[in-house]
Amino acid sequence: MAEVSVIVPVYNAEEFLARSVGSIQQQIWGDLEIVLVDDGSSDGSLALCQRMAEEDFRIKVIHRENGGAAAARNAGVRAATSDLICFVDADDYIEPDMTKWLLIAYRNAVASGAHHEGDFLVQTGRDEVDESGKHLEDALPIPEKERFDDSHSFLLGLLLYTSDSSYCTKLVPRAQLLEHPFPEGMTGEDFLLHMQMLPDLEGVLIIPHLGYHVVHRDGSVTRQSRTFSRSYIDIVRHADYVEQNTVKTYPDLREAALRFGLYERLDYMLHVPIEDMNEKNAFYEEVLAYLRRNYGAMKQNPYLTRKNKQYLTLLTKAPVLTRKVHRMTMKLRGKYDKF
């Protein structure tokens, strides 16, 4: 049995799959199983996966009808044989020693008795690069020394954007993923899975190591910022889950959960097309009702910035006019605002 299974969901990734899988094959330590899950690709991805499997006995290929990244990950978890799982997106790549340091940290924590086997995650650091490898602004800093965030602290960080929600930077016990599969049929599934899984775990061990490279591609469907995406709706639904479920387990997260719910609705209101801001759009009406219902609590929330509160006030009282002024301001500043 391999020490760790690395799962790669593949969808029309022929152009960059060789670099991604190659970076996994080049891991300098640890017995690996590499599970490539072709999610109904229409390009040459499946054939490429099969060729790589012929050349490397560690590679296992699964082909399935298109069902999305979450469903592909779940299929990979079911097919994996290792007790520990890593994930790599097909357009990203990892450092040669990423699995080494994740496994060492995990084993040391268990051997020392600091944490129980199968009851915690290990997280490596990540950076953001463009297609040429140029370093972009990092989403989160990498700690200078190892630290352990218990589940409560990590969840608070997710609500305040100071924790890393990606499962691509994590070493995860397979048993936990079988019990808590990725939510399918939506975007932002990593965030929601943390909300569902972490209450059953001790927490996350964060190591001071850069192991994962997120590649931002021009034209990427999942990483575009100039089109209205269903992700703006899905993350509001995730915020509802936090308020309705997570807060029951951690009541002291109530204000942070409200801040998250308000902030994500602010993001939605700043991106929904202006022509859809009317009573015919049931979701827009629902968002507006939430803002009005929580207006007083918003003014008192300690986690919202002054600017957040100003925008939320304007979007609560005069949403359409505020968006029109916002769009005009963006154009005058030379910034793109399609909506």
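Listing for the model above:
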| read-out | value |
| --- | --- |
| Tally of residues being within 18 Å of VAL320 (Cα to Cα) and part of a helix (DSSP H, G or I) across region 278-309 | 14 |
| Failed item in (1) touching a Phe, Trp or Tyr at 6+ places or on another chain (Cβ under 9 Å); (2) modelled with pLDDT under 95; (3) β-branched (Val, Ile, Thr), with THR169 passing the rest | (2) |
| Residue match in region 44-64 (condition: outside any helix (DSSP H, G or I), loosely packed, with under 15 Cβ neighbours inside 10 Å and either touching a Cys at 6+ places or on another chain (Cβ under 9 Å) or polar (S, T, N, Q) (or both)) | no |
| Condition met for GLU179 (free of Cβ contacts under 8 Å to residues at least 40 places away in the same chain, within 18 Å of TYR212 (Cβ to Cβ), in the same structural domain as ALA75 (by TED's automatic domain parsing) and among the charged types (D, E, K, R)) | no |
| Pairs with Cβ under 6 Å, 6+ apart, first in region 320-339 and in the same structural domain as ARG265 (by TED's automatic domain parsing) and under 21 Å from TYR284 (Cβ atoms), second modelled with pLDDT of 75 or more and not in a helix (DSSP H, G or I) | VAL320/MET277 |
| Selection from region 17-41 of residues that are surrounded by fewer than 16 Cβ atoms within 10 Å (Cβ to Cβ), in contact with a Phe, Trp or Tyr (Cβ under 9 Å, 6 or more places away or on another chain) and at pLDDT 95 or above | ARG19, GLY22 |
| Residues located in region 120-154, provided they are among the small types (Gly, Ala, Ser) and either over 15 Å from GLU95 (Cα atoms) or under 18 Å from the mean Cα position of the chain (by Cα) (or both) | GLY125, SER132, ALA139, SER151, SER153 |
| Residue count for region 173-220, restricted to those that are on the phi < 0 side of the Ramachandran plot, assigned to a loop (DSSP other than H, G, I, E, B) and not hydroxyl-bearing (Ser, Thr, Tyr) | 10 |
| Residue in region 94-115 that is of a type in the set (A, V, I, L, M, F, W, C), surrounded by 15 or more Cβ atoms within 10 Å (Cβ to Cβ), in a loop (DSSP other than H, G, I, E, B) and touching a residue at least 40 places away in the same chain (Cβ under 8 Å) present | no |
| Answer residue from region 25-35, given it is within 24 Å of the chain's Cα centre (by Cα) and in contact (Cβ under 8 Å) with a residue 40 or more places away in the chain and is nearest to VAL77 (Cα to Cα) among those | VAL35 |
| Cβ-Cβ under 6 Å pairs, at least 6 apart or on other chains, region 120-132 side crowded, with 20+ Cβ neighbours inside 10 Å, far side part of a loop (DSSP other than H, G, I, E, B) and of a type in the set (A, V, I, L, M, F, W, C) | PHE120/LEU201; GLY125/ILE142 |
| Flag for LEU121 being of a type outside the set (Asp, Glu) and in a helix (DSSP H, G or I) | no |
| Subset of region 253-277 (residues that are in contact (Cβ under 8 Å) with a residue 40 or more places away in the chain, part of a helix (DSSP H, G or I) and farther than 14 Å from TYR311 by Cα) | LEU253, GLU255, ALA256, ALA257, LEU258, PHE260, ILE274 |
| Positions within region 231-244 being in contact (Cβ under 8 Å) with a residue 40 or more places away in the chain and either outside any helix (DSSP H, G or I) or of a type outside the set (Phe, Trp, Tyr) (or both), in sequence order | SER231, ILE233, ASP234, ILE235, VAL236, ARG237, HIS238, VAL242 |
| Test result for VAL247, surrounded by 11 or more Cβ atoms within 10 Å (Cβ to Cβ), in a loop (DSSP other than H, G, I, E, B) and not assigned by TED's automatic domain parsing to the domain that holds ASP150 | no |
| Selection within region 121-142 - of a type outside the set (A, V, I, L, M, F, W, C) and at pLDDT 90 or above | GLN123, THR124, GLY125, ARG126, ASP127, GLU128, PRO141 |
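The values are calculated or read from the model by the stated rules, or taken from the named source; none is laboratory data. All figures in this text were calculated on a predicted structure; none of them were measured in a lab. Every residue, glycine among them, receives a Cβ derived from its backbone with ideal geometry; neighbour counts consider all protein chains shown.
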